[in-house]
Structure formats: structure tokens, C-alpha cells
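First comes the structure, then the notes that go with it.
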Ligand SMILES: C[S@@+](CC[C@H](N)C(=O)[O-])C[C@H]1O[C@@H](n2cnc3c(N)ncnc32)[C@H](O)[C@@H]1O
């Protein structure tokens, strides 16, 4: 798979870190926005037009996205002025939310060019500056090596591995390798024990930040119910 890199992204990858901090300082001061207001703004984020089940495309609701990013920012100080990556960025809601909360740099990665297009349209509609990279997070490629040490925080709602077995752990391992400070990720609560074990193996701390309900609406032909709540853990990994 090829990757499309545009100019701001190239700059991010090529500039030394001290120059990046100058770029970051141009960003406006983040908003002192209330959680409810933040959620309501994110509701305007467009979702997948024709979701692809092979990629487990389930959009994060504005309700969850707002709480995830708000907590990462206000409780852990992992968003404001930080370089934030979003693995499996889909239509971009987590990246957009991070930008709104004052991230210094945001970049999303997704395997699906249609999702990348919608994410770019969303980013434009929200008047944000976010890079979206078309790439397969599950494949070894030189691109990710270039991001190593350059992203402070990675925040993601990865595929849970129901169609592509094990992809959730592939995302997680790569994110933990790349992020300097913290990785936030949503996972089925039923996989908690396994994930905790893996985190120990990788030498990182894993904390359950919140137990949440992920509302899956009737999106695919095989869905029989109007909507189903899945129990998920919002996890934070730190080194
Ligand atoms: C559960 S959706 C979440 C989308 C988005 N982050 C959100 O929060 O709404 C998972 C996303 O991962 C993407 N994805 C699945 N497999 C991938 C892979 N191997 N590499 C990159 N992206 C992938 C899908 O296209 C989809 O956009």
C-alpha cells in the first residue's frame, strides 16, 4: 500500500523537535469549553457513508469522543500542545476533538481511502488543520518508524478484532511503541485481562480510565436489533 504525505506532514517528519515546538506555539490558546458544549460541537462530525464491515467501521459517538478527549486533556494533560496520533482514524472525530482541545499537531491514519476523504472533509468543515494518512496500521512500514518519538499521545478506537482477529492487539502494540507519553484506546471489557497481561509483557502501565457503553446502531445487514450497547474499557497506557 502506498502512503500519501502532504506538506504539513512532511514538515512534521523532517523538522527537528525544537522547531516543532515553535510551530506548536502558533496555535491559539485552547478553549475553556464545558464538556456538554464540546459534545454538542462534535455532533456535527459526518460519519461513514457506506461503512465497511471488513474494517469494522463503527464511528465513535460525539458523547464518547468528547469524554475521551476531555479526560485525556483535563485529567492527564495529554492533549493540549501535544502531538497527537489517531490510529484507525475513520471519519476523524477523535483527531478533530483533540485539535479543538488544543493539540499542537494532529495526524490520523486509516486503511480506507473513503474514510480518509470524509475525515478530510470533516476537518475542513471544523476549520481544523489535521493530516490524514492512508496506510495500513497492521503492516510493517517505514512510515511508522518515522513517527517514532514524534507523537506524544496516541488516541484511538481501533477495530476490536471481530472480523480481523488480533488486529486490536496489533494496533495497541504499534501505538505503545510509537507514543512518547501515553496511549488511549477503547477495548471490549471482555478482553481486559488479556490486555493487562500484554501490557505487563511490553513493560507499560495500563489503567482503566472508565468503563463505557459503546452504542452500536443498526448499521450492517446482519444487525437484527435497532441498537446494541457493548461494554468497553477506556484504557490509558503509559511508559
Ligand atoms: C471502530 S472504527 C473507529 C473509527 C474512528 N476512529 C472513530 O472513532 O469514529 C475503526 C477504524 O479503523 C480503520 N481500520 C481498520 N483496519 C485498519 C488497518 N489495518 N489500518 C488502518 N486503519 C484500519 C477502519 O477503517 C475504521 O475507520
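With a ≥ b ≥ c the root eigenvalues of the C-alpha gyration tensor of region 60-166, is it rounded (a/c under 1.5), prolate (a/b larger than b/c) or oblate?
rounded
Can you give me the C-alpha center-to-center distance between region 145-175 and region 60-95, rounded to a whole angstrom?
Region 145-175 and region 60-95 have Cα centres separated by 14 Å.
Mind checking the full-extension length gain between residue 63 and residue 209? Use 0.36 nm per residue of separation minus the Cα-Cα distance, one decimal, nm. Don't skip to the answer; put the middle values down first.
Numbers: separation 146, 0.36 × 146 = 52.56 nm, distance 1.58 nm.
Residue separation times 0.36 nm, minus the Cα-Cα distance, leaves 51.0 nm.
Between residue 44 and residue 75, what length in nm is gained on full extension when 0.36 nm per residue of separation is reduced by their alpha carbon distance?
Details: separation 31, 0.36 × 31 = 11.16 nm, distance 2.53 nm.
Full extension of this stretch gives 8.6 nm more.
For residue 114 paired with residue 222, estimate the spin-label separation in nm (one decimal), with each label point 7 Å from Cα along the Cα-to-Cβ line.
The modelled label-to-label distance comes out at 1.8 nm.
So in the chain, what percent of DSSP beta bridges are antiparallel if you round to the nearest 5?
55 percent
In terms of the Cα gyration tensor, with a ≥ b ≥ c the square roots of its eigenvalues, is the chain rounded because a/c is under 1.5, prolate because a/b exceeds b/c, or oblate?
Taking the square roots of the gyration eigenvalues as a ≥ b ≥ c, the chain is rounded.
Determine the calculated [θ] at 222 nm for the chain from helices alone, applying -39500 (n - 2.57) to every DSSP H run no shorter than 4 residues and normalising by the residue count; nearest 500 deg cm²/dmol.
Using -39500 (n - 2.57) per qualifying helix, the result is -10500 deg cm²/dmol.
Using a ≥ b ≥ c from the Cα gyration tensor of region 114-239 (square roots of the eigenvalues), is it rounded, prolate or oblate, where a/c under 1.5 gives rounded and otherwise the larger of a/b and b/c decides, a/b for prolate? Present the calculation step by step, with values, prior to reporting the outcome.
Working: a/c = 1.67, a/b = 1.07, b/c = 1.56.
It comes out oblate by the Cα gyration axes.
Determine the relative contact order of the chain: mean sequence separation of Cα pairs under 8 Å and six or more apart, normalised by residue count, in whole percent.
Reported relative contact order: 17 percent.
Every number here is computed from the coordinates shown, using simple stated rules; none is lab data. What you see is a predicted model, and the numbers here were worked out from it, not measured in a lab. All Cβ positions, even for glycine, are placed from backbone atoms using ideal geometry, and neighbour counts span all protein chains on display.
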